[in-house]
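Novice: Below is the structure I would like to discuss, written out as structure tokens.
Values in this text are rule-based calculations from the coordinates and carry no lab data. On a predicted model such as this, the values are computed, not experimentally measured, just so you know. All Cβ positions, even for glycine, are placed from backbone atoms using ideal geometry, and neighbour counts span all protein chains on display.
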Amino acid sequence: MGGIAAARVAVSPLAPADLPVVADLARRIWPAAYAGILTDEQIANLLMRIYSEENLRREMADGHRCWAAYEGAQPAGYASAYKDDDIIWLKKLYVLPDRQGRGIGKKLIDAAVAALRPARELRLLVNGDNLPAQRFYTETGFTCIGEMPVQMGDFAFTDRVFSKPL
């Protein structure tokens, strides 16, 4: 079923004017994605800081590219990535909870890689307690290669670094 559903998904690059789609999806996805991992206060704080239009525009000005996945006319997920030398860093990848398991995340990853190639490796950071995300990345060919301290907004975390050769 995943392949059939994924065939109806269109992934589009986003311009700065499209960033409200990302912020809206984040507000809908993060509370479910981080339930039991972050407090409600942490989620609210990070959404405000990371997904403000000002911050998203700053990231794009710094070289981040963004994509949204649509099922029909409805946004279902988003991703952002940037390139550092010959490594593509997947910065954000989120899919609505009721749309997961349909290949949408894989399509977003493929769009980022296609847009930012050539590169030798794809890397990303995952919250150390986010086991569902770590499972997804492992199932899509990534390997955990270490841990890294990360400051997000007002909070310090330890993230796991995942890598996939391209």
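Novice: Going by amide H atoms built from the backbone, whose H comes under 5 Å of the H on residue 9, apart from near neighbours?
Specialist: Residues meeting the amide H criterion: none.
Novice: Within region 2-122, what percent of beta bridges assigned by DSSP are antiparallel, to the nearest 5?
Specialist: 90 percent
Novice: Now for a different question. Each residue of region 43-59 in order: what ³J(HN,Hα) in whole Hz does its phi give by Karplus 6.51 cos²θ - 1.76 cosθ + 1.60, θ = phi - 60°, with x for Gly and Pro?
Specialist: So the J values, rounded to whole Hz, are 4, 4, 4, 5, 4, 4, 7, 6, 9, 5, 4, 4, 5, 4, 5, 4, 4.
Novice: Springs between alpha-carbon pairs under 10 angstrom, Gaussian network model over the chain: which of 126, 150, 21 fluctuates most?
Specialist: Greatest mean-square fluctuation among the candidates belongs to 150.
Novice: What list of ³J(HN,Hα) couplings, whole Hz, do you get for region 22-32 from phi and the Karplus terms 6.51, -1.76, 1.60, once you set θ to phi - 60° and write x for glycine and proline?
Specialist: 5, 4, 5, 4, 4, 5, 7, 8, 4, x, 7
Novice: What distance in nm separates the simple spin-label points at residue 21 and residue 139, each placed 7 Å from Cα in the Cβ direction?
Specialist: Each label point is offset 7 Å from its Cα along the Cβ direction, giving 2.5 nm.
Novice: Continuing with the same structure: Count the net charge of all other residues whose Cβ sits under 13 Å from the Cβ of residue 25, scoring Lys and Arg as +1 and Asp and Glu as -1.
Specialist: Counting the neighbours of residue 25, the net charge comes to 0.
Novice: Still on this structure, I have one more. If you average the C-alpha positions of region 117-144 and of region 81-96 separately, how far apart do those two centres end up, in angstrom?
Specialist: Taking the Cα centre of each part, region 117-144 and region 81-96 sit 10 Å apart.
Novice: Using amide H atoms built 1.01 Å from N in the peptide plane, name the residues 5+ places from residue 76, or on other chains, whose amide H lies under 5 Å from its own.
Specialist: Long-range HN contacts for residue 76: 69, 70, 71.
Novice: Output wanted: per-residue J couplings in Hz (rounded whole) for region 106-115, from phi through Karplus 6.51 cos²θ - 1.76 cosθ + 1.60, θ = phi - 60°, x for Gly and Pro.
Specialist: After applying 6.51 cos²θ - 1.76 cosθ + 1.60, I find 5, 5, 5, 4, 4, 5, 5, 5, 4, 6 Hz.
Novice: For the chain, set up a GNM with springs between Cα atoms under 10 Å and report which of 17, 133, 115 has the largest fluctuation.
Specialist: Largest GNM mean-square fluctuation: 17.
Novice: Next up: What does the net charge come to around residue 139 if you take all other residues with beta carbon closer than 12 Å to its beta carbon, with K and R at +1 and D and E at -1?
Specialist: +3
Novice: Between residue 85 and residue 28, what is the spin-label point distance in nm, taking each point 7 Å from the Cα along the Cα→C-beta axis?
Specialist: Modelled inter-label distance: 3.9 nm.
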